[in-house]
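**Student:** Please read through the structure below; I'll follow up with questions.
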Amino acid sequence: MSKAPAGRMPPNRGLAKAPTGVQGLDEITGGGLPRGRPTLVCGSAGCGKTLLALEFLVRGATQFGEPGVFMAFEETGKELTENVRSLGFDLDDLVKQKKLAIDFVRVERTEYEESGEYDLEGLFVRLNYAIDSIGAKRVVLDTIETLFGGLSNMAILRGELRRLFRWLKDKGVTAVITGETGDGPFTRHGLEEYVSDCVIQLDHRVENQVSTRRLRIVKYRGTTHGTNEYPFLIDEDGINVLPVTSLGLQHTVSSERVSSGVPRLDMMLGGEGYFRGSTVLVSGTAGSGKTSLAAHFAAAACLRGERCLYLAFEESPGQLLRNMRSIGIDLEPSMKKGLLQFHASRASIHGLEMHLATIHKLVREFQPRVVIMDPVGSMTAVGTRRDANVMMTRLIDFLKIQEITAFLTSLTSGDAALETIDVEISSLVDTWLLLRDLELGGERNRVINVLKSRGMAHSNQLREFLLTERGVELQDVYLGAEGVLTGSARQGQESREKAVAMLRQQEVEGKQRERERRREALEARILALQKEFEAEEEEAMRLMAQVHASQEVLGKDREEMGRSRKSDASETPARSRKAPGGRK
Amino acid sequence: MTALAEPAGRKVAPAGAGDAEVWELRLYIAGQTPRSVAAFANLKKLCEEHLAGRYKIEVIDLMEHPQLAAGDQILAIPTVVRRLPTPLRRIVGDLSNMERTLVGLELRPAKSVK
């Protein structure tokens with residue numbers, strides 16, 4: 001079941017209440033109708049008074065173990081049974097089980113002749129008998145105002161009615177009296193003066209060709225109650241009152257992240273994707289790929305084994321499936337497994353409140369973790385922008401409380417400023433992805449940009465948004481000298497620059513080769529010079545050696561010659577030294 | 001004031017022979033209240049005057065037989081239901097207004113009423 005909404009009506013400690021079992025009504029009344037007291041349900045014809053009263057009885061009998069008596073003044077038992085059979089209430093069965101007693105009181109003016117004084121003891125007897133026969137704790141009188149039409153003595157009638165309500169109180173049964181709205185503020189004959197403990201008014205309005213049912217608690221003695229009008233709808237389960245969701249911002253938040261289904265998009269969102277329980281808005285012009293992103297998100301959720309509710313207001317499920325298959329997302333297996341549920345309806349078939357109530361019901365029954373609404377702007381078809389805004393606020397609040405991640409798509413019109421959207425919920429959402437078209441060079445390409453994403457570091461870069469057979473792909477945009485380029489312009493520019501780069505590369509290589517060559521040449525020259533130098537050196541060395549050698553030879557020759565000349569001069573000093581007193 | 005001596009269910013049918021049609025009247029009461037007693041008395045008187053010898057009055061006390069109230073669609077007490085001759089006619093009240101009662105029972109008030 002849904003989490004208890006914070007801020008719901010505080011349970012009243014003083015007054016005992018009889019729960020109605022009607023979806024949402026017990027929450028608004030803080031527990032149900034006043035026990036042991038009469039409640040007046042008034043409204044114009046066809047508002048759902050009888051249905052509400054009947055549900056009160058039937059649910060009391062089946063869910064709360066309190067048998068009930070239905071005193072019908074307008075429809076026969078048979079008619080009643082037939083009318084509510086479609087809601088799954090089998091009145092015959094309940095009567096058989098003694099959980100319900102139906103007594104049809106026919107008040108036909110032409111049949112009565114009044115002569116003298118009388119009282120309505122007959123009614124009391126019947127009521128008493130019916131109550132005692134099944135031990136009823138709940139009673140419905142629908143519509144006791146027919147008595148006014150049948151009997152002419154007003155004084156007696158009014159006196160008896162007063163007595164009746166006192167009697168009902170004494171009997172301790174919780175009674176629901178229905179009355180039809182007439183000229184008086186509440187009921188045609190002023191029943192409200194007798195029934196003063198609780199008055200509920202039903203309303204069925206048609207605005208802009210759309211009908212909405214509303215319920216209002218006009219009076220409820222002894223309890224604080226919401227005094228607003230609450231929209232409700234009547235569907236195959238009976239009456240469904242829009243519950244009071246917290247309109248205060250008290251809800252728990254999660255730090256868990258969920259993938260968007262597109263890995264590069266996750267990278268743009270701080271690396272991990274959206275926060276669980278947050279609200280994501282994708283806005284863009286027609287055909288920009290919002291639904292594709294939604295489908296990716298749905299597919300990712302189903303892959304994680306989470307239930308996803310897809311509310312489509314423009315395309316039928318079949319169409320969606322087919323279109324998504326063309327980009328490589330097959331949602332049909334998820335649908336078959338029961339993880340993905342589509343709910344497609346034109347926005348204009350209901351009023352806004354009815355949409356809200358329907359969504360509430362779907363969420364309650366299906367318990368998804370992801371809800372996709374595509375597109376959100378269609379709500380303005382059924383209400384003013386302000387009303388649509390209010391409705392979206394309530395919806396987003398409701399989903400946040402349930403910790404359901406919401407994915408909304410919104411259409412921006414091509415000519416309006418790109419950041420205005422039909423329903424100004426941009427301040428309510430946590431993550432806003434903007435899909436834009438860039439027109440350049442004869443074509444339009446899409447770029448995606450994370451306009452905001454609360455609570456995470458997100459990329460501020462534009463990425464080119466491509467729909468391929470493998471799904472959505474994001475590519476870096478090209479920043480050329482002329483600005484942002486996408487699509488074929490990008491490709492053209494890329495190839496141009498590639499060519500230029502290649503050329504430069506070749507140039508560099510060429511230059512390098514040249515340098516190599518020159519170095520080699522230089523080295524060769526050096527080598528040659530060196531060799532030359534060596535050769536010269538050798539030559540010189542040889543020459544020197546020659547000179548040396550010749551000098552040596554010369555010296556030797558001289559020596560020889562000296563020796564051969566027996567030159568004393570050279571020898572005598574030596575000899576004279578040697579021989580003492582020798583000959584000089 | 002004649003006390004209602006007859007317990008519920010007992011018919012009061014004076015002898016009548018060769019009746020054109022016998023009127024069957026049912027008087028519903030809820031306990032012996034002054035009003036109920038008055039109604040019975042008035043009814044009896046009326047029948048004696050206009051339907052002498054060809055009527056049957058049945059008194060049903062809803063206090064003792066509450067389940068019979070729904071069958072005949074009894075709302076007000078006292079109620080006289082003319083069961084025969086058909087169609088069904090109902091008069092509510094203590095029948096103190098003789099004229100209305102006669103109109104209600106579709107008894108043409110005899111001009112030569114006593």
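The values are calculated or read from the model by the stated rules, or taken from the named source; none is laboratory data. Model, not experiment: these values are computed from the prediction. Counting neighbours? That spans all protein chains shown, and the Cβs are built from the backbone with ideal geometry, glycine included. Heavy atoms of the whole protein, side chains included, go into the accessibility calculation; ligands, DNA and RNA do not. Shrake-Rupley method; radii C 1.70, N 1.55, O 1.52, S 1.80 Å.
**Student:** Given C-alpha coordinates of the stretch A:158-316, what is the ratio Rg to Rh with the Kirkwood estimate of Rh? All intermediate terms of the calculation are to be shown ahead of the outcome.
**Tutor:** Numbers: Rg = 25.2 Å, Rh = 21.2 Å.
Ratio value, two decimals: 1.19.
**Student:** Based on the alpha-carbon gyration tensor of the stretch A:264-372 and its eigenvalue square roots a ≥ b ≥ c, which shape applies: rounded if a/c is under 1.5, prolate if not and a/b is larger than b/c, or oblate?
**Tutor:** Numbers: a/c = 1.35, a/b = 1.29, b/c = 1.04.
Rounded, because the longest to shortest axis ratio a/c is under 1.5.
**Student:** Based solely on its DSSP helices, what 222 nm [θ] is calculated for chain A when runs of n ≥ 4 H residues each add -39,500 (n - 2.57) and the sum is averaged over all residues, nearest 500 deg cm²/dmol? Write out the running numbers ahead of the final one.
**Tutor:** Values: 15 runs with 230 residues, N = 584.
So the helix-based figure for chain A works out to -13000 deg cm²/dmol.
**Student:** GluC sites (Glu not before Pro) within the stretch A:213-301: which are DSSP loop residues with at most 15 other Cβ atoms inside 10 Å?
**Tutor:** Values: sites: A:Glu229, A:Glu236, A:Glu256, A:Glu272; in loops: A:Glu236, A:Glu256, A:Glu272.
Qualifying residues, ordered by number: A:Glu236, A:Glu256, A:Glu272.
**Student:** Quick one: how many Å² of A:Ser334 are accessible to a 1.4 Å probe, rounded to 10?
**Tutor:** About 20 Å², ignoring ligands and nucleic acids.
**Student:** Which aspartates and glutamates have a Cα lying under 12 Å from the Cα of A:Lys337, excluding residues fewer than 8 positions away in the same chain?
**Tutor:** Candidates past the 8-residue exclusion: A:Glu306.
**Student:** A follow-up question, please. Under 12 Å from the Cα of A:Lys171, which aspartates and glutamates turn up, not counting those fewer than eight places away in the same chain?
**Tutor:** A:Asp132
**Student:** If you place +1 on the Cβ of every Lys and Arg and -1 on the Cβ of every Asp and Glu, how big does the dipole about the Cα centre of the stretch A:22-180 come out, in debye to the nearest 20? Walk me through the numbers on the way to the answer.
**Tutor:** Values: 20 positive and 25 negative charges, 138 e Å.
So the magnitude is around 660 debye.
**Student:** Still on this model: Beyond a 23 Å Cα-Cα separation, which of these cross-linked pairs lie in this structure: A:Lys98/A:Lys361; A:Lys290/A:Lys498; A:Lys49/A:Lys99; A:Lys17/A:Lys49; A:Lys336/A:Lys400?
**Tutor:** Result: A:Lys98/A:Lys361; A:Lys290/A:Lys498; A:Lys336/A:Lys400 exceed 23 Å.
**Student:** Now for a separate question. Taking 0.36 nm per residue of separation and subtracting the Cα-Cα distance, what length does fully extending A:Lys531 through A:Glu79 add? List each step's numbers first, then the result.
**Tutor:** Details: separation 452, 0.36 × 452 = 162.72 nm, distance 12.87 nm.
Working it through step by step, the gained length comes to 149.8 nm.
**Student:** Counting only the heavy atoms of the protein chains, how much of A:Thr486 is accessible to a 1.4 Å probe, in Å² to the nearest 10?
**Tutor:** Rounded to the nearest 10, that gives 10 Å².
**Student:** Given A:Gln367, A:Met391, A:Met561, which one lies farthest toward the positive end of the charge dipole of the protein assembly as shown, if we put +1 on the Cβ of every Lys and Arg and -1 on the Cβ of every Asp and Glu?
**Tutor:** Result: A:Met561.
**Student:** Turning to a different aspect of this structure: Which value, in nm² and rounded to one decimal, describes the direction-averaged projected area of the C-alpha convex hull of the stretch A:129-168?
**Tutor:** Working: hull surface 12.9 nm².
Reported value for the Cα convex hull: 3.2 nm².
**Student:** Now a separate question. Quick one: which residues, 5 or more positions from A:Glu117 or on another chain, have an amide H under 5 Å from its amide H? H modelled 1.01 Å from N in the peptide plane, none for Pro or chain starts.
**Tutor:** Close amide H contacts, sequence-distant or interchain: B:Asp94, B:Leu95, B:Ser96.
**Student:** Also, quick follow-up: I need the semi-axes of the equivalent ellipsoid of the protein assembly as shown: take the C-alpha gyration tensor, multiply each eigenvalue by 5, square-root it, list largest first in whole angstrom. Spell out each step's value before the answer.
**Tutor:** Numbers: eigenvalues 2665, 129, 69 Å².
Those come to 115, 25, 19 Å.
**Student:** Using the scaling law 2.2 N^0.38 Å as the reference, what is the normalised Cα Rg of the stretch A:6-150?
**Tutor:** On the way: Rg = 16.5 Å, N = 145, 2.2 N^0.38 = 14.6 Å.
Compactness ratio reported: 1.13.
**Student:** Moving on to the next point. Give the shape of the stretch B:18-93 as rounded, prolate or oblate, defined through the alpha-carbon gyration tensor: a ≥ b ≥ c are the square roots of its eigenvalues, a/c under 1.5 means rounded, and otherwise the shape is prolate if a/b is larger than b/c and oblate if not.
**Tutor:** Judged from the Cα gyration tensor, the stretch B:18-93 comes out oblate (a/c at least 1.5, b/c at or above a/b).
**Student:** Would you work out which of A:Met324, A:Ser260, A:Gly222 lies farthest towards the positive end of the dipole of chain A, given +1 charges on the beta-carbon of Lys and Arg and -1 on that of Asp and Glu, about the Cα centre?
**Tutor:** Going by the charge dipole, the pick is A:Ser260.
**Student:** Using a Förster distance of 56 angstrom, determine the FRET efficiency expected from the C-beta separation of A:Arg106 and A:Thr252, and round it to 0.05. Intermediate values should be presented prior to the final figure.
**Tutor:** Numbers: r = 57 Å, r/R0 = 1.02.
With R0 = 56 Å, the Cβ-Cβ based efficiency is 0.45.
**Student:** Quick check for me: using +1 on Lys/Arg Cβ and -1 on Asp/Glu Cβ, what's the dipole size of chain A about its Cα centre, in debye to the nearest 20? Write down the numbers at each step before the final one.
**Tutor:** Working: 79 positive and 82 negative charges, 667 e Å.
It comes to approximately 3200 debye.
**Student:** Sticking with this structure for a sec: Could you tell me the relative contact order of chain A? Use alpha-carbon pairs under 8 Å, at least six residues apart, and round to a whole percent.
**Tutor:** On the way: 1024 pairs, mean separation 73.1, N = 584.
It rounds to 13 percent for chain A.
**Student:** Take A:Met502, A:Met154 and sort them by solvent-accessible surface of the protein heavy atoms, 1.4 Å probe, largest at the top.
**Tutor:** Accessible-area ranking of A:Met502, A:Met154, largest first: A:Met502, A:Met154.
**Student:** Check which residues have an amide H placed less than 5 Å from A:Leu408's amide H, if you skip close sequence neighbours.
**Tutor:** For A:Leu408, the qualifying residues are A:Val280, A:Leu281, A:Val282, A:Met373.
**Student:** Separation between the A:Glu560 and A:Arg188 pseudo-spin-labels, each 7 Å from Cα along Cα→Cβ, expressed in nm?
**Tutor:** 17.1
**Student:** So, in nm, how far is label A:Arg385 from label B:His65 when the simple model puts each one 7 Å beyond its Cα toward the Cβ?
**Tutor:** 7.5
**Student:** Sticking with this one: Just counting partner chain Cβ atoms within 10 Å, what average do the residues of peptide A:105-112 show around their Cβ? Don't skip to the answer; put the middle values down first.
**Tutor:** On the way: counts 5, 2, 3, 2, 0, 1, 9, 9.
Across the residues of A:105-112, the mean count of other-chain Cβ atoms within 10 Å is 4.
**Student:** Here's a follow-up. Just to confirm a number: summing +1 for Lys and Arg and -1 for Asp and Glu over residues other than A:Leu503 whose beta-carbon lies under 12 angstrom from that of A:Leu503, what do you get?
**Tutor:** On the way: positive: A:Arg496, A:Lys498, A:Arg504; negative: A:Glu497, A:Glu507, A:Glu509.
Here the charged neighbours net out to 0.
**Student:** While we're looking at this one, here's another question. Pop out the ³J(HN,Hα) list for the stretch A:267-281 in order, Karplus 6.51 cos²θ - 1.76 cosθ + 1.60 with θ = phi - 60°, rounded to Hz; leave Gly and Pro as x.
**Tutor:** So the J values, rounded to whole Hz, are 5, 5, 9, x, x, 10, x, 7, 6, 5, x, 8, 10, 10, 10.
**Student:** Let's test the formula: R0 of 30 Å, r as the Cβ-Cβ distance of A:Met502 and A:Thr468. What FRET efficiency results, to the nearest 0.05?
**Tutor:** For A:Met502 and A:Thr468, the calculated efficiency is 0.60.
**Student:** Next up: Could you work out the relative contact order of the stretch A:118-241, using alpha carbon pairs under 8 angstrom and six or more residues apart, expressed as a whole percent?
**Tutor:** Relative contact order for the stretch A:118-241 comes out at 17 percent.
**Student:** In addition: How big is the Cα convex hull of the stretch A:32-73 in projection, averaged over all directions, in nm²?
**Tutor:** Values: hull surface 13.5 nm².
That works out to 3.4 nm².
**Student:** Which value, in Å² and to the nearest 10, is the accessible area of B:Leu102 when all protein chains are kept and the probe is 1.4 Å?
**Tutor:** 10
**Student:** Just to make sure I understand: if all protein chains stay in place, what is the order of A:Lys290, A:Lys336 by accessible area at 1.4 Å, largest first? Kindly include the intermediate steps, with their values, before the conclusion.
**Tutor:** Details: A:Lys290 20, A:Lys336 160 Å².
Reading off the accessible areas and sorting them downward yields A:Lys336, A:Lys290.
**Student:** With every protein chain left in place, what is the accessible area per residue of the protein assembly as shown in square angstrom, probe 1.4 Å? Can you show the working numbers first?
**Tutor:** Numbers: 34900 Å² over 698 residues.
For the protein assembly as shown, the per-residue accessible area is 50 Å².
**Student:** Using amide H atoms built in the peptide plane, which far-off residues or other-chain residues are under 5 Å from A:Lys17 H to H?
**Tutor:** A:Arg35
**Student:** With a 1.4 Å probe and all protein chains kept in place, how do A:Ser495, A:Ser278, A:Ser86 rank by accessible area, largest first?
**Tutor:** Working: A:Ser495 65, A:Ser278 10, A:Ser86 90 Å².
From most exposed to least exposed: A:Ser86, A:Ser495, A:Ser278.
**Student:** Got the relative contact order for the stretch A:312-416 handy, in percent, Cα pairs under 8 Å and 6 or more residues apart? Before the final figure, lay out each step's value.
**Tutor:** Details: 93 pairs, mean separation 31.6, N = 105.
Across the stretch A:312-416, relative contact order equals 30 percent.
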